[in-house]
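Notes for the one structure printed next.
The values are calculated or read from the model by the stated rules, or taken from the named source; none is laboratory data. Quick caveat: nothing in here was measured; it's all calculated off a predicted structure. Here the Cβ is made from the backbone with ideal geometry for all residues, glycine too, and neighbour counts use every protein chain on show.
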Amino acid sequence: MKTFTKNATALAILAALAAPGIASAEATLYGKAHLSFGSVSEDDGTNDTSSTAVTSHASRVGIKGTMDTDGSAKVIYKFEWEVDMADEKNASDNNIKSRSQFVGIKDSWGQVRIGRDDSPYKLAGKKNVEFLSDTWADFNNIIDKGQDTRNDDSIAYWGDIGPGKLGVAYAAGDDDYDQDNEVDPATEAENFGESTSIAYDMKMGNIGFALATQTIQKSTTNDETGTKFAFGYKMGDTKLGLMYETVDDDDNSIDNKNTFVSVNHSLSKTDSIVFAYGTKDTGAADDATMTALAYKHKMGKGLELYGLYADGADDGLKGASKLAGDSSVIVAGMVAKF
């Protein structure tokens, strides 16, 4: 009953926001259905499995818009939910999940947003390199998923500075403090898990560039810091992308170096091919690697079909796709937007 009430409440909010009175305040109802079908194999050293799968990849529905104030500033808002369109087994628990949900104010000086929001670190450089977003070959298989955060309890500033955009955010974390020591001492603190993030993302002609850093509290004595650099270059019909990331912590238990490269080549106005390769150096004997190749075909403004092959070695598909060991996928996908 609790899960049903939560899901019903989310849908009720969405329906209320889509009412004519709100729609007149420049509200936009939007969504994306992203599904794939194909073969998925996994060999984690203990089990070797192969199966066919229909998968929903971060399909979503939401509403966003602006409202005028008495001055020059505008109120901005966004309420978005992820919808699992393929997995009936998890429908009662995971069918609807919260994504970005915030309210804020924007003016000539920039904008301030409060709520649940993507961190500046998460967004920095993404457009330069991420041509297979939300697929089995999402770049978070290599680029650290733990740093690629959508933060609860956050407040963020975004503003245009020079040729780019500056993002600064603070997330307050959870109040897990307990003087009676009933919780894990390693996580016993007010604002446990708080984070700070700063990023600068710019574009000049055919060149894109981004630099970002983020620190997240992992325990009362240990902070984890990610730093990444992204570069993109458009050369005729070809887009080239490179991202390099380091992730380490105060306890010296993590020292990751992640590299991701991608190429998107347009064959025509409707067809393109994408190649991606990434490697994650964690200091283990064998680095995790991911290789992916995709063919995309657009059928109008709101529909895209694709074929994808992705191969992961030594957990190369584990970060986003959760396929351990040596794994691979061969799938056909569809992305429909409205």
The correct count of residues that are surrounded by fewer than 18 Cβ atoms within 10 Å (Cβ to Cβ) and either at pLDDT below 95 or not hydrophobic (A, V, I, L, M, F, W, C) (or both) in region 325-338 is 2
The number of residues in region 150-170 that are in contact with a Phe, Trp or Tyr (Cβ under 8 Å, 6 or more places away or on another chain) and of a type in the set (S, T, N, Q) is 1
Of the residues in region 100-134, those that are under 18 Å from T279 (Cα atoms) and in contact with a Ser or Thr (Cβ under 7 Å, 6 or more places away or on another chain) come to V129, F131
Quiz item: Quick check, is A230 surrounded by 17 or more Cβ atoms within 10 Å (Cβ to Cβ), touching a Phe, Trp or Tyr at 6+ places or on another chain (Cβ under 6 Å) and of a type in the set (A, V, I, L, M, F, W, C)?
Solution: no
The condition from (1) at pLDDT below 95; (2) surrounded by fewer than 16 Cβ atoms within 10 Å (Cβ to Cβ) that D249 misses is numbered (2)
In the set K228, K239, the lone residue that is part of a strand (DSSP E or B) and within 24 Å of D118 (Cα to Cα) is K228
Flagged pairs (Cβ under 6 angstrom, 6 or more apart or on separate chains; first in region 162-182, at positive phi; second part of a strand (DSSP E or B) and modelled with pLDDT of 70 or more) are G173/F192
Subset of region 189-206, residues surrounded by fewer than 19 Cβ atoms within 10 Å (Cβ to Cβ), modelled with pLDDT of 90 or more and farther than 30 Å from M235 by Cα, comes to T196
The lone condition I143 fails out of (1) in a loop (DSSP other than H, G, I, E, B); (2) β-branched (V, I, T); (3) more than 18 Å from the chain's Cα centre (by Cα) is (3)
When every residue in region 268-313 that is of a type in the set (K, R) and surrounded by fewer than 18 Cβ atoms within 10 Å (Cβ to Cβ) is compared, the one nearest to I142 (Cα to Cα) is K298
K301 vs (1) among the charged types (D, E, K, R); (2) at pLDDT below 95; (3) farther than 23 Å from K239 by Cα: all pass except (3)
